[in-house]
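*Asks:* Once you've had a glance at the structure underneath, I'll fire off some questions.
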Amino acid sequence: MDFEFSSKVKDLQAQLSDFMDEHIYPNETAFHAEVEANRSAGDAWIPTELVESLKLKAGNKGLWNLWRPKAHGGSLTNVEYAPLCEIMGRVTWASEVFNCSAPDTGNMETLLRYASPELQKSWAEPLIEGKIRSAFLMTEPAVASSDATNIECLIQRDGDDYVINGRKWWSSGAGDPRCKVLIVMGKTDPDSADRHKQQSMIVVPTDTPGVKIERALTVFGYDDAPHGHMEVSLENVRVPAANILLGEGRGFEIAQGRLGPGRIHHCMRIIGQAERALEFMIKRLNSRVAFGKPVSQQSVWHERIAESRMMIDQARLLTLKAAHMMDTVGNKEARKEIGMIKVIAPNMAQKIMDWAIQAHGGGGVSQDFPLAFMWAWNRSMRLADGPDEVHRSQVARLELKKYM
């Protein structure tokens with residue numbers, strides 16, 4: 001594996017870093033202020049004018065859809081995208097500015113890989129152009145969704161249609177008024193002897209009768225407006241049979257194809273946030289004096305700074321290895337490495353963010369710094385796209401298999 005990035009990637013890194021310096025970091029406070037102003041006016045879910053204006057600037061600079069894989073019209077490999085995703089991930093809302101945010105990237109790739117030309121034209125194209133947004137409905141409140149065979153949402157054939165009934169939650173982005181399409185996972189054959197052939201995925205326009213946003217869920221008190229995480233009910237939702245992806249019983253197959261890239265993109269962004277947390281930590285330590293000398297000269301902080309650097313670099317290298325394997329041998333063969341980094345990256349970042357909060361004292365848990373929100377967002381990543389325990393179990397099974 002070559003650790004040197006191409007001149008093309010280095011140029012994009014420089015452009016992205018300049019854009020972040022000029023437009024993202026200086027506007028962090030303004031972003032949250034606009035959200036809160038909308039909330040005070042009665043609707044926190046209004047898209048911010050700030051982000052919409054920055055999208056135009058990013059598009060004009062060619063910093064648009066950098067996530068898109070070569071196999072589906074893009075120009076970058078997973079390895080080439082990794083350092084760019086890391087830069088965008090340093091601020092939680094920045095990825096949307098470049099049309100590189102979850103769950104849209106995963107949904108766009110799913111539609112490009114598995115949907116009919118008609119569905120791609122209706123939904124993938126406007127998503128790629130940034131005209132609409134989307135949500136992915138898999139997790140359910142009534143069952144342990146870490147085992148996706150537990151899913152209870154029913155997708156039943158009725159003539160030329162499918163009728164959907166169920167309840168989903170943690171449907172990120174579903175509360176956004178720009179969210180026009182959902183990808184729903186449910187059971188078309190709950191009695192199949194093969195538990196991994198019971199599920200299917202289907203495309204559902206959000207304005208279909210029977211689709212209802214029940215409530216917004218918070219993460220440690222944050223509602224993440226205007227993106228949000230919604231509980232959604234589906235009651236006798238009827239869509240054309242042509243909206244099924246690949247066919248009945250292919251839901252698990254699609255999920256594995258979708259979640260692999262989604263997981264590694266999360267890890268790339270997490271590494272960017274960990275780097276930023278370390279920067280906040282060091283700047284704070286250098287600016288404060290306690291017991292007669294700068295806090296940065298206290299030996300306990302030397303230990304934490306060194307440990308942070310080592311953990312970040314270890315996680316980055318494993319992420320690049322996983323990305324390299326996805327590029328060279330495919331997502332399935334890279335599943336162990338993807339699983340490992342999905343555990344390692346959030347746990348690494350959570351530790352560094354905790355130290356950064358400690359370095360800031362009371363300020364670290366306040367709204368004056370982004371660290372508390374970063375910690376809350378990152379903690380949820382140990383659950384999103386599969387909890388740590390599931391990934392560890394898979395890694396263990398793959399290791400055991402080598403010696404059978």
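*Asks:* Between beta-carbons, use under 11 Å as the cut-off and find the net charge around P190, counting Lys and Arg +1, Asp and Glu -1.
*Replies:* 0
*Asks:* Please report the net charge: other residues with Cβ closer than 13 Å to the Cβ of L259, K and R +1, D and E -1.
*Replies:* So the environment of L259 carries a net charge of +3.
*Asks:* Right, here's the next one. Quick one: if the Förster radius is 60 Å, what FRET efficiency do K401 and V289 give, using the C-beta to C-beta distance and rounding to 0.05?
*Replies:* 0.60
*Asks:* Next up: Apply the Karplus parameterisation 6.51 cos²θ - 1.76 cosθ + 1.60, with θ equal to phi minus 60°, to every residue of the range 314-321 and state each ³J(HN,Hα) to the nearest whole Hz, in sequence, with x for glycine and proline.
*Replies:* So the J values, rounded to whole Hz, are 4, 5, 5, 5, 5, 5, 5, 4.
*Asks:* Tell me the net charge near W375. Cut-off is 14 Å between Cβ atoms, W375 excluded, with +1 for each Lys or Arg and -1 for each Asp or Glu.
*Replies:* Charge balance near W375 sits at +2.
*Asks:* Now for a different question. Go through 370-377, 296-303, 265-272 and give me the packing order, highest mean Cβ count within 10 Å leading.
*Replies:* Result, highest mean first: 265-272, 370-377, 296-303.
*Asks:* Please rank T29, T139, fewest neighbouring Cβ atoms within 10 Å first, as an exposure proxy.
*Replies:* On the way: T29 12, T139 21.
The order, fewest Cβ neighbours first, is T29, T139.
*Asks:* Are any of the pairs K197/K342; K121/K336; K8/K321; K168/K321; K336/K401 more than 23 Å apart by Cα-Cα distance, and if so, which?
*Replies:* Cα-Cα > 23 Å for K197/K342; K121/K336; K168/K321; rest within.
*Asks:* Right, next: Summing -39500 (n - 2.57) over the DSSP H runs of n ≥ 4 in the chain and dividing by its residue number, what mean residue ellipticity at 222 nm do you reach, to the nearest 500 deg cm²/dmol?
*Replies:* Calculated mean residue ellipticity at 222 nm is -15000 deg cm²/dmol.
*Asks:* Ordered by packing density, taken as the mean number of other Cβ atoms within 10 Å over each peptide's residues, highest first, how do 229-236, 34-41 rank?
*Replies:* Values: 229-236: 19.0, 34-41: 14.5.
Per-residue Cβ counts within 10 Å, averaged per peptide and sorted highest first, yield 229-236, 34-41.
*Asks:* Hey, another quick one. For V143, V203, V289, what's the fewest-to-most ordering of other Cβ within 10 Å of each Cβ?
*Replies:* Neighbour counts put them in this order, fewest first: V289, V143, V203.
Just so you know, all these numbers are worked out from the coordinates, no wet-lab data involved. For clarity, every value in this text was computed on a predicted model and none was experimentally measured. A quick note on method: Cβ atoms are made from the backbone with ideal geometry, for glycine too, and the neighbour counts reach across all protein chains shown.
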